[in-house]
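Student: Dropping a structure here in structure tokens format, bear with me for questions.
The values are calculated or read from the model by the stated rules, or taken from the named source; none is laboratory data. What you see is a predicted model; the values in this text were computed from it and never measured. Positions of Cβ are backbone-derived with ideal geometry, glycine not excepted, and every protein chain shown enters the neighbour counts.
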Amino acid sequence: MAASLPQKAAMAGMATQQQAHLTPGVGPVPGQQGMPPQGALREISPVFLCRIGQETVQDIVTRTMEIFQITRATQLPNGVTQSQAMYQDRFGKLQEHLRQLALLFRKLRLLYERCVEMTSDLQEAPPELVPYMGEELTAAKVEPCSPAVYQERNEVLEKVRLKNQEMKVLMDQMRNLLWDVNAMLTLRK
């Protein structure tokens, strides 16, 4: 019973943060599902938490892009006087986005900790899928093939080599054409 109380508190915190990052007065973002009912909080699977985490990461990326767009649109004060209200508006937007970003990072941290807690009973970590450089690779056992397979392989390799040569020639021609067009445009000015 004592273990379920912190679990409920953490999940309730995630539910309020889920609602906090939605814009007020607007329904949930399409493609996102709300939190399950309160009675189902104990049966939330790590997969569902990971999906919520993925959506949170997408929200973080979106908010970060919006912050960069706002800062890109902001003009530096280079002696030109601009409207103080415009600067205050942009500053307010930036502050709101940063506050929402901090909330999303906290939510992501809670989701991560909860997933680690739920999956800590797994026996072993998955093996590395991509080997590190310098590690010796175990050679796969190759069975001998018929001469027809070797011949077909060589024919395909030759076709690929010829096609690559053709593409290289075409790319060189296109590059030269673009250089000529750019040269003519600069001379025209």
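Student: Is at least one residue of the range 145-157 small (Gly, Ala, Ser), modelled with pLDDT under 95 and assigned to a helix (DSSP H, G or I)? Walk me through it before giving the result.
Tutor: Taking the range 145-157 as the starting set, the residues that turn out to be small (Gly, Ala, Ser) are 146, 148.
Retained after the next criterion (residues that are modelled with pLDDT under 95): 146, 148.
Then drop every residue that is not assigned to a helix (DSSP H, G or I), which leaves 148.
Yes: the range 145-157 contains one or more residues that are small (Gly, Ala, Ser), modelled with pLDDT under 95 and assigned to a helix (DSSP H, G or I).
Student: Show the residue pairs that are 6+ apart or on different chains and have beta-carbon atoms under 8 Å apart, the first residue being within the range 90-119 and at pLDDT 90 or above, the second being not in a helix (DSSP H, G or I).
Tutor: Here the result reads 100/21; 103/21; 104/21; 107/21, each pair linking the range 90-119 to a residue that is not in a helix (DSSP H, G or I).
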